[in-house]
Each structure stands twice: as structure tokens, then as C-alpha cells.
């Protein structure tokens, strides 16, 4: 049964196209319309059927929609909100999928007219790919979708959005926007910055070592490149818009890194061993929390480990992956 | 056809047990014997059949073996080499699987008697698990195995070891030990230290945020915990024994990290975007080099993406994994 009559997707990248697939699969929207800045993306969206209709502008796309999803980089939210505001239907819900919440709220909320419900959101789901062809219906299965509604948000509008997210397979949590930004700085934003940095360092050195760095890049480095392959515009906007929390966590990170660096320099094996033992235990907590499996992996699929050759199409061939020691 | 008559595995962890499985599967050794420091590990090795016989000491285990594999942490190599030296068979080959090569050569080579061939090696393969039960036959399939033989190494002994590694599925490269240690500092050792650090930072904060860090740890952070779950003793020894190269690369890393941190503080979006675009391209090089696949993954198996439910046993259940944004 459809939860919304007309859903307007503003931006047609990985998240929006996955939502479209998931809504189609579950019959959750009578109609899905959309817009994207690039004509090519709009044409692709029609071609692969994730939108029933596409519009050249966000102002046109939102008209008559009872759910509007802002799925553009965080830095583009303010302009989109200003553009769509006069065209939003009374009683509609506007949500977003931005990775930062305080900055999005500051950019969008002032534009939302009375009678329209703005409920900021953030699905903790994705891959390192982007664009309308990268989406798939199961992206949100068993992933968290965080909502950071303002106090006084209409309970019926919130419940309706929540039922859509749950129907797409997500686990939903509601939290304060500032708290969201701190938690994400730890679990996502700072790790991404660090991965980008390590890959950049290796790239400098690669020029010296004639591509050996790439050749011998089993995990850890390979896992870093995967993280560091994510969309540059999205991540630029994340760091510019979650500046304080990211700088805070980065400060803690460099402090701890310097302590480990000093232990290496001084040959303090006890310090290193105790630290590595502590971090190992954290892994268990994550497995218990159901956000990963205990299967030996490092990018290796469960089937490869079990000795069964993976089926399916794979552009680059499936390689059992290993961690170098 | 067996390549060695009797292989002695000194240490029975992930690498040694995987070698045993791979040698059994290919009929590459007539007999596999082994030893480990712990009686429990020795009993497990017999129970699961990775060794035909186990011995209480390395000195006993190597007697009559034509291949001896030192598969203990790098810090334990010198004592083992001193212990086994008087008991090595004439014409035998001794190899190791340590992640650092110069330090292992310095620890082991002086003990090796004339007429015994010492050929240092390093398989770039592994998982975050350890112990005799963690091994599996396909661990080395399409992974690199680096050898760093001294000049003047007997070509026939080298060719024989090489044929074993290739028969276990590995790609073999021969390189200088110092060069090996630099390349690995970039592709493996420094990334591991950084992952350990980030997980440690999150753990500090976890106490404040009541396990949310774990709860919302889709990748990036989840990938870091996987790396940081590796064996603490092994990694302590890696850092203590590849000190110079690791400190060199760490120095470059912090320089670049500070530059990015400054760009965030100053709101320099162009710098961030250019940097992230450059690192994204490196990912392509790795896919082209065949060390990973282009399939959207973040720990997600290819089958899950394709919408096929993964078969197989999985202690914690299979969760499609996602990257938080």
C-alpha cells in the first residue's frame, strides 16, 4: 500500500535512486518524480525507470508532491530550499539525506513555509559509487536511518515518514542534530578524512616506487582506497559543514597517533600491545551490534571463504582478498 | 605431486594453518609436522588434521624436514632460529612469513648453518582472525607472496620454494628486503597503525556516547575496526621491527593530514575537492591491478548486492553493509 502519493526526488544519485528502487519494490509511492542538475542524469533516470517523470527544475518537481526528498550535496541545500519553498504543497513533508544535520537545518529550515513539515534525516548507507545507475533496492536493509526533527514536529507527519523508512528496510532512530553531528564525526567523517590522507601519501610515494604500492595493496591499504573513492563533492561539503566536530575528533586522533608514534620510536612494546588489544575488543562490540559479521572478510565475500566460487557478474572479476601483514 | 617430503610448521596460526590446508588440498607435501608454544594449539592442530604429528619443541619439529616455515611473530624469530639451527637437515630450506624482512634476516640469517638455504618470504594475505582454526586453503589464491632472498641464494632451492607458493595459488615476486619494508610501510603498516588509532579514539568517546559509536558504525569506521582487530602481538612486532620506514611514512601522513585539517578550518573547499578527486583515481588503479573488484562493497558480498541471499553459515548473520555518508 502506498505511503505517499507523489514523491519528488531532488538529486538523483546513489541514495535517491536506491530509494526509488526500494519504493518501487515495496509499492510505497504511487508516483515518483525527480530532478537533477545534469540533463544526462535526468535522461538516465527516465531510461532506467527510477522516475515516472523528470523535470528541469526543482521548483517544478516538487509541485503536488506529498514527500520531497532533498538528496543533493550538503552545500547545495540552501539554494534548493529557497527555490522550492514557494512551490511546496500544503501539508507536504520535506526531508533530506545529508550527512550533516545542523548545517542542513540552518540552510533549509528558514525557507520552509508554515503548514509544511521539515524532518531532517540521514541514512547510514551507501557504497563508494555514485550516480543514478549506482542505486539498488536493498541498500537500506538493516541500516540505520537517523532523523533529527525539531521539537514540535507534527507527530503524524513524523510517523508517516518513519513508516516509509521502515518499509524500505531501515532501522530508524531519532536524535538531536548536534549529537548526530558529533557521533558521525567519529564513526564516519574523521575516518574518511584519514583514509583520504593515507591514500594521498601513498600516491606521492607511488611515483617513486613504480606502482608497487598499488600492486601490493591488499587490506589495510585497499580498504582505505575504497573509503577514499567516495564522491569528492559530497565529502568536501561534509567537512566544510561539520567543521567543529571533525576538528575536535581530529585533534584527539593526532594526540593518540603521536603517543603511538612515540612508543614505536622508543621501542615501547607494552604500550603498543595494550593499545592493540583494547581496539581488538571494540570489533567484538560491533559484531554483537549486528553491523558486521564475524566472518573473515577484508572484502572477501562469504562465499569465497566457504570455498564456493561466487556467481554473478563482476566487472573486474572476483578476487579473494587478503590482508597483508 | 609432492614438492617437499616433510614440511615443518613452526607456529600454527592463521598463515601456517592455511598453508597446511593448501598443501593438503594440492598434495604438495608428503608429511606436515608442526609445533606451537601452547599445548592447546598443538592439540587443536592434531584434532583438525592440519599436522600429521606435532612436537613440543621447534628443535624436534625441524628434524628431517626439507622445508621449515617460521610462522611466529617477528619478535620471536631470533630465539626460534637459535633453537633449530643445530637440528636442521643438510640441504633443507628455511623460509619465514614475517611482515618485516630486514629485521627477520638480521635475526635469523646468522644462525643458519652452511648447506641450509634461508629464503625469507612474506605472503600478503590474511584476515583479522588468528589461531589454528582460522586457516583455509584458498587464503593465498591470487595474493602476492614476496620473497627477499640474499644474493647468491641457491637457484634450485629458490625455484622449489617458488613452485610450492605458486601451487598454493600465490603470485610470487622477488625483491630487495629494504625495499620490501618501505613498500609495506605504505601499503600495510602505517594504515594499520592509523586504523588502530582511530578505533582507540572512538573507544574513548564511546564511553561518553553510550555505545552509539558502535551502533552507527557502518563503514568507514567499521572497516577500520576490522583492520584494528588483527593480532596485537604480530602488529607490535611489526612496528618495533620496521621502525624507520613506519616513522618515515607516518611523518608524511601527519604533514598531509595537517594540510587537510587546515583546509577544513579555513573553509578551503577547492583544496579538499582536488585532494579527494586525486585519491578517487587511485582506487581505479587498484581495481585495474586486480587486487579488488569494482563491485560496490564496503564489506557487502557480491551476492547481497545482486539481491541473492548469501548461503552459508555466518555466526552473526549476514548484514548487507553500507557506508554512512
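Bear in mind these aren't lab numbers, they're just calculated from the coordinates by the rules spelled out. Remember, predicted model here, so these are calculated numbers, not experimental data. All Cβ positions, even for glycine, are placed from backbone atoms using ideal geometry, and neighbour counts span all protein chains on display.
Here are a few things to note about the model shown:
- Euclidean distance of C-alpha centroids, the stretch B:133-194 and the stretch B:59-74, integer Å: 18 Å
- Taking the label point 7 Å along Cα→Cβ, residue A:171 and its counterparts in the other copies are spaced 3.8 nm apart, in ascending order.
- Residue by residue along A:254-265, Cβ atoms of other protein chains within 10 Å of the local Cβ number 6 on average.
- Value of relative contact order over the stretch A:125-284, rounded to a whole percent, pairs C-alpha under 8 Å and six or more apart: 23 percent
- Fewest-first ranking of A:248, B:204, using other Cβ atoms within 10 Å as the exposure measure: B:204, A:248
- Ascending list, in nanometres, of distances separating the residue B:131 label from those of the other copies (7 Å, Cα toward Cβ): 4.5
- Shape of the stretch A:2-93, Cα gyration tensor, a/c cut at 1.5: oblate
- Mean Cα-pair separation over length for the stretch B:1-97, i.e. relative contact order, pairs under 8 Å, 6 or more apart, %: 32 percent
- Shortest-first nm distances, residue A:204 label point to equivalent points in other copies (7 Å, Cα→Cβ): 2.5
- Cα shape, the stretch B:4-175, gyration tensor, a/c 1.5 rule: rounded
- The stretch B:96-211: relative contact order as a whole-number percent, Cα under 8 Å and 6+ apart: 25 percent
- Relative exposure of A:151, B:31, judged by other C-beta atoms within 10 Å (fewest first): A:151, B:31
- Cβ crowding within 10 Å, taken as a proxy for footprinting-reagent exposure, orders A:283, A:24 from fewest neighbours to most as A:24, A:283.
- Approximating the spin labels as points 7 Å out from Cα along Cα→Cβ, the residue B:173-to-residue A:265 distance works out to 3.1 nm.
- Euclidean distance of C-alpha centroids, the stretch B:254-286 and the stretch B:219-246, integer Å: 24 Å
- Rounded if a/c under 1.5, otherwise prolate or oblate - the stretch A:138-192, Cα gyration tensor axes: oblate
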